[in-house]
Amino acid sequence: MKNTDVIQAIKSRISLADMARRYVELRSVGSRLVAPCPFHQETKPSFSINEEQGTFYCFGCQASGDIFDFYGRLNGLDFRETLAALAEEAGIQLDTYRADPQARQQRSRKRDMLKMHELAAAHFHSNLSSPSAAVCRAYMEERGLSHELVEKFGLGWSMDAWQDLGDTLRRAGFSLEAAAECGLQSKSQGGRTFDRFRNRLMFPIRNLSGQAIAFGGRIIPSLAREDDAKYINSSDSPIYKKGEHLFGLFQARPSIAVKKSIILTEGYMDVITLHQYGYTQAVGVLGTALTPEQIKRLSGFSSNLELMFDGDGAGRKAAFRSCEMLLARGLSCKVVLFPDDNDIDSMLHSFGPEAVEDLRAHAQDGLSFCVSVLRGMAPREAVEWTRRFLSQVDMPELFHRFAAELSTGLGLSEAELRGGVLEKRSAAALPQAKRPVTPHAISRDREIMTFTVRYPHRLPDLQAAGADLALSAPWALRLWEKIARHCSERAFDELEAGEKNFWIRCRGEDAPPLDNEEGELAAIQQMLNNLQKTSHMASVVAALRQGTASREAQREYMRALLEARGRRSDQ
């Protein structure tokens, strides 16, 4: 659970508006501050900040939240990383707000793992000067890796020994059991630990703070045995999730800020080779297919990406899938297509950066590349892909533009490509209620929760009127429960992205002013009162129709029914 004390302390010291001014040029429009949205491609000022409430909202991509959501999304950080960064900027010691012994123990364990990785990175790097690393140094020279590049990425060498790193960690006072837990050691079937990486060129993977959190190791070709994997990578651990990080992002970050774009490629050597030739905005996907978490991280730095994957079938397939994911999330991308089976290394070393610049100048935009791939598919397969793709596009302006361009590119009617996509999206947007969902129930849930969000301190009055019993949709019940924990503005800090979006829209600049609290409450109470009477009448009618009650009981039911109807007609 998020610590609301430290969150409020940070918000009191750092203004969302001041933070946003570092990234966008804000201007005043009435009581709002507006700017082009930093989260998607546009020029219109659809991004809006409510200074009083400390929230933002984009009318284009529907991004919303508070300073934590803004900073985290813009810098590709999760909540924990965002909290640590903003706490440091605000001059707040997080440990003073954390009293949970179990959480403290977990943090201590992670700190030890980070220290072990830093020690391992330094150990591997120092190994490069040892006599046994001569073959590794020769390989790096063959690949054209300069001394500056080796230092920039902290490359290293893992010796052909079972306990080389293990002995270093043990001498520093670290447990090899903990080293195995975070992937620096492996375990035999008998339970003995040994170095996971041996005889390999080592690539440290760093988080955005520059801390080593994992490694990739490439076997030196001249030392490779038949059963040796070309690369061995760290497995997931408490400090590293492969699908969340990108190789070289820490090193590329300053260049991305200047060039306002990112080159996305596949492997470690691709990234390093690109940096060597001046493409210092290059990052790699760590040998996996691009993930939503990586896209979220990338989108915080730039909404313009160039994809540079190998020119073979696998590389084109990866580019196609990456374009689908990036475009659906409102990012702009181009695909640099390498001829035949050429890759980044062969192009740069054999033909130089001039050849790559020519390819970049003729790069296809992401949607055009997708159309070219779709034309090679069977018509039915292409239509199915298009419908699936369009169903992922949330921004209306992008949806209609993509649908039009795809229909033109494929020579098919736009109606055929849409094929029920809008209807399916509308159906999916409706909350799945525990009881049958009617238009009245949907409207009632929204009306109750709108008032609850606008005036959370009046939740006891709503409970007295039976509002919580009238809710039917899971989303409304979840939001009610979170607000009920606080009955105050502090509930906002516990909300998920969609809930924050609803909160901000209920209280934003386009919502009615918060000056008719009693009138809005009276309307809700009247609605609930009518609902209870209707429910009561339905129960009485059902009892009469069963016909199992005695004649006297039936008369009582009838009297109750007439009384209820009379009360309702008096309203």
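The values are calculated or read from the model by the stated rules, or taken from the named source; none is laboratory data. Just so it is clear, the structure is predicted and the values come from calculations on it, not from any experiment. Cβ atoms come from the backbone with ideal geometry, glycine included; neighbour counts cover every protein chain shown. Just the protein is used for accessible areas: all its heavy atoms, side chains included, with ligands, DNA and RNA removed. Shrake-Rupley method; radii C 1.70, N 1.55, O 1.52, S 1.80 Å.
Which residue, of R206, R218, R171, is open to solvent by 10 Å² or more (accessible area, probe 1.4 Å) and over 30 Å from the mean Cα position of the chain (by Cα)?
R171
E226 is checked against (1) in a loop (DSSP other than H, G, I, E, B); (2) in contact with a helix residue (DSSP H, G or I) (Cβ under 9 Å, 6 or more places away or on another chain); (3) modelled with pLDDT under 90 and fails just one. What number does that condition carry?
Condition not satisfied by E226: (2).
Got a sec? Which helices (runs of 4 or more DSSP H) wholly within the range 273-390 have at least 1 residues that are surrounded by 21 or more Cβ atoms within 10 Å (Cβ to Cβ), among the aliphatic types (A, V, I, L, M) and under 17 Å from the mean Cα position of the chain (by Cα)?
Those helices (runs of 4 or more DSSP H) span 292-299, 313-328.
If a residue has to be in contact (Cβ under 8 Å) with a residue 60 or more places away in the chain and farther than 13 Å from L307 by Cβ to count, how many in the range 258-278 make the cut?
So the count comes out to 8.
Against the definition (open to solvent by 50 Å² or more (accessible area, probe 1.4 Å) and either at pLDDT 80 or above or in a helix (DSSP H, G or I) (or both)), how does S443 come out, yes or no?
So S443 passes the test.
Is it the case that some residue within the range 302-309 is in contact (Cβ under 8 Å) with a residue 24 or more places away in the chain, out of contact with any strand residue (DSSP E or B) (no Cβ under 6 Å at 6 or more places or on another chain) and within 23 Å of E151 (Cα to Cα)?
Checked against the condition, which is being in contact (Cβ under 8 Å) with a residue 24 or more places away in the chain, out of contact with any strand residue (DSSP E or B) (no Cβ under 6 Å at 6 or more places or on another chain) and within 23 Å of E151 (Cα to Cα), the range 302-309 yields no hits at all.
Name the single residue, out of those in the range 5-61 being part of a strand (DSSP E or B) and under 23 Å from the mean Cα position of the chain (by Cα), that is nearest to V453 (Cα to Cα).
T55
Sort out which residues of the range 232-258 are touching a Lys or Arg at 6+ places or on another chain (Cβ under 9 Å), polar (S, T, N, Q) and not in a strand (DSSP E or B), and write them in order of number.
Result: S234, S235, Q251.
Across the range 229-255, which residue is modelled with the lowest pLDDT among those that are over 17 Å from E266 (Cβ atoms) and touching a Ser or Thr at 6+ places or on another chain (Cβ under 7 Å)?
Per the stated criteria, the residue is S255.
Going by the structure shown, is P474 farther than 16 Å from L521 by Cα and open to solvent by 30 Å² or more (accessible area, probe 1.4 Å)?
Yes, satisfied.
Among the helices (runs of 4 or more DSSP H) confined wholly to the range 470-557, which include 1 or more residues that are modelled with pLDDT under 85 and within 19 Å of G54 (Cα to Cα)?
Of the helices (runs of 4 or more DSSP H) lying wholly inside the range 470-557, those with at least 1 residues that are modelled with pLDDT under 85 and within 19 Å of G54 (Cα to Cα) span 474-486, 497-507.
What is the one condition in (1) of a type in the set (D, E); (2) out of contact with any strand residue (DSSP E or B) (no Cβ under 8 Å at 6 or more places or on another chain); (3) part of a helix (DSSP H, G or I) that E177 does not satisfy?
Unmet for E177, out of (1) of a type in the set (D, E); (2) out of contact with any strand residue (DSSP E or B) (no Cβ under 8 Å at 6 or more places or on another chain); (3) part of a helix (DSSP H, G or I): (2).
Taking the criterion of being open to solvent by less than 40 Å² (accessible area, probe 1.4 Å) and touching a residue at least 40 places away in the same chain (Cβ under 8 Å), would at least one residue in the range 481-489 satisfy it?
For the range 481-489, residues open to solvent by less than 40 Å² (accessible area, probe 1.4 Å) and touching a residue at least 40 places away in the same chain (Cβ under 8 Å): absent.
Using beta carbons and a limit of 6 Å, which pairs, at least six apart or on different chains, have the first residue in the range 354-375 and closer than 17 Å to D343 by Cα and the second one in a strand (DSSP E or B) and of a type in the set (K, R)?
Final answer for the pair search is A363/K334.
Using the structure shown, decide if L223 is surrounded by 15 or more Cβ atoms within 10 Å (Cβ to Cβ) and of a type in the set (A, V, I, L, M).
no
Could we say that A415 is open to solvent by less than 40 Å² (accessible area, probe 1.4 Å), at pLDDT below 95 and over 25 Å from the mean Cα position of the chain (by Cα) here?
Criteria not met by A415.
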